[in-house]
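The values are calculated or read from the model by the stated rules, or taken from the named source; none is laboratory data. All values reported here derive from a predicted model rather than from experimental measurement. All Cβ positions, even for glycine, are placed from backbone atoms using ideal geometry, and neighbour counts span all protein chains on display. To get the accessible areas, we keep the full protein, side chains included, count just its heavy atoms, and leave off ligands, DNA and RNA. Shrake-Rupley method; radii C 1.70, N 1.55, O 1.52, S 1.80 Å.
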Amino acid sequence: MTAQHPVRAEARAEVRRRILVVTSNGSGMGHLTRMLAVATRMPPETDVTFASLSTGVSVVGRYDMPYEYISSPSALNMGWTAWEGYLHGRLSLLLDALEPDTLVFDGTQPYRGLLRAMEGRDLRAVWMRRGMWLPDVGEGVLERGRHFDQIIEPGELAADHDAGVTAGRDDAAPVPPITLLSDEQLLTRHQARRELGYDEGEDVALVTLGAGNINDTSSLQETILDWFRRERPDWRVVVTRSPIARGRAQDVRTQVETLREYPLARFARAFDVVVSACGYNAFHEWHQAGIPALWVPNTETATDDQQARGRWASETGTGLLHRPTCDDRHAHADLEQQLARLTDDGIRAELARRCAEVASSAGGSAAGPGGDGAAQAARLILGDGDHETARD
């Protein structure tokens, strides 16, 4: 396999810094989007190249950065041992060609193939290690932090609900929550509605339950759509289909309007409410935009504690939470109750008010208390920050 944007070594001579970003993800976008947020805050003379397991890596090209797609074990139908060797080979060739001074890995598990490819190189190594891991998961992975010169932990609004193995550790440099766009880059309600073709006075709900690569979201989505058809027929309901394909289309089978925009957060203020999964990026982006949300945690993730984020939002009054149970009948009743609350004018206003209060108490954006987390992470990666974690 070859890079979609070939990189010529001779064109790099004048570049001050060369950084290779490696992200996990399979068919998701979370790690990739977070590192794209950081990369866009780098100084213009910094040369950043991406190597990602995400099938959505082509979005990096929109930001004029070279990228290379590396297939995951499942995409290649390979066992882990064989795939680690494959990864080692791919990354070794890429490191030989690019000769970066810094490598940044964003993922919950630094792969053995990655660590082998890093060995013996004059290379600054950084691990972007998100917190909020599920309890009793991943403790053995933390030992791999010794292979890195710096560990950075992106902030969590729901940090006090973090019961995972990374909580309370002092081996990482914390930064505020990271979002791809700054507040100033989000369109206003009027601008977003004009671009998407929504009328100013209509009520619009967005349903965005994730890529569906970990759990099947189609049945839940249809349940939500059926509720809106019965109970809120005057509402315009839009669903997300792909986070990387631009444009909008009609689902011929169900006549449901779909939205295909990346980054979706740019248009967040077009919506009156959102029904969303609780992944890191979505959680902080919808809080950033101040949109009343019903959080529907993905309970099938390997490490990400989405239920903890949802509980925090419910307990602090910044969002509502659907609590799935083993009893389908009770889960269905709870979902309908929460949708009714979400579309109640008074409750919506209170949710928006609480989001604004969180933003005010944080001194700015609800997604970034303490400043721009992506910009701070960029400075740490470049070695310009105050925090250092020495590699053993």
Contacts under 8 angstrom Cβ, first residue in the range 94-118 being without any contact (Cβ under 8 Å) to a residue 40 or more places away in the chain, partner open to solvent by less than 10 Å² (accessible area, probe 1.4 Å) and among the aromatic types (Phe, Trp, Tyr), 6 or more apart:
Pro110/Trp127; Pro110/Phe148; Gly113/Trp83
In the range 60-93, the residues that are in contact (Cβ under 8 Å) with a residue 24 or more places away in the chain, surrounded by fewer than 20 Cβ atoms within 10 Å (Cβ to Cβ), among the hydrophobic types (A, V, I, L, M, F, W, C) and touching a helix residue (DSSP H, G or I) at 6+ places or on another chain (Cβ under 7 Å)
Met65
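Take Gly279 and tell me if it is of a type in the set (Gly, Ala, Ser), within 14 Å of the chain's Cα centre (by Cα) and under 22 Å from Ala163 (Cα atoms). Walk me through how you get there before you give the answer.
Numbers: of a type in the set (Gly, Ala, Ser): yes; within 14 Å of the chain's Cα centre (by Cα): yes; under 22 Å from Ala163 (Cα atoms): yes.
Judged against the criteria, Gly279 is a match.
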Please work out which residue is modelled with the highest pLDDT, limiting yourself to the range 197-214 and to residues that are within 17 Å of the chain's Cα centre (by Cα) and open to solvent by 40 Å² or more (accessible area, probe 1.4 Å).
Gly210
Any residue that is part of a loop (DSSP other than H, G, I, E, B), open to solvent by 20 Å² or more (accessible area, probe 1.4 Å), modelled with pLDDT of 95 or more and among the basic types (Lys, Arg) - is there at least one of those in the range 33-41?
yes
In the set Ala366, Ala333, which member is out of contact with any Ser or Thr (no Cβ under 6 Å at 6 or more places or on another chain), at pLDDT 90 or above and among the hydrophobic types (A, V, I, L, M, F, W, C)?
Ala333
I need every pair where a residue in the range 154-168 that is closer than 22 Å to Arg379 by Cβ has its Cβ under 7 Å from the Cβ of a residue that is open to solvent by 50 Å² or more (accessible area, probe 1.4 Å) and outside any helix (DSSP H, G or I), sequence separation at least 6 or different chains.
Gly155/Pro174
I'd like to verify a number: residues in the range 117-136 that are more than 22 Å from Leu157 (Cβ to Cβ), open to solvent by 10 Å² or more (accessible area, probe 1.4 Å) and at pLDDT 95 or above, how many?
7
How many residues, within the range 144-200, are of a type in the set (Gly, Ala, Ser), in contact with a Gly (Cβ under 9 Å, 6 or more places away or on another chain) and within 19 Å of Ala282 (Cα to Cα)?
4
Of all residues in the range 316-336, count the ones that are in contact (Cβ under 8 Å) with a residue 60 or more places away in the chain and either out of contact with any helix residue (DSSP H, G or I) (no Cβ under 8 Å at 6 or more places or on another chain) or open to solvent by 20 Å² or more (accessible area, probe 1.4 Å) (or both).
2
Can you tell me which residues in the range 137-168 are closer than 20 Å to Leu115 by Cβ, open to solvent by 50 Å² or more (accessible area, probe 1.4 Å) and at pLDDT below 95?
Glu139, Gly140
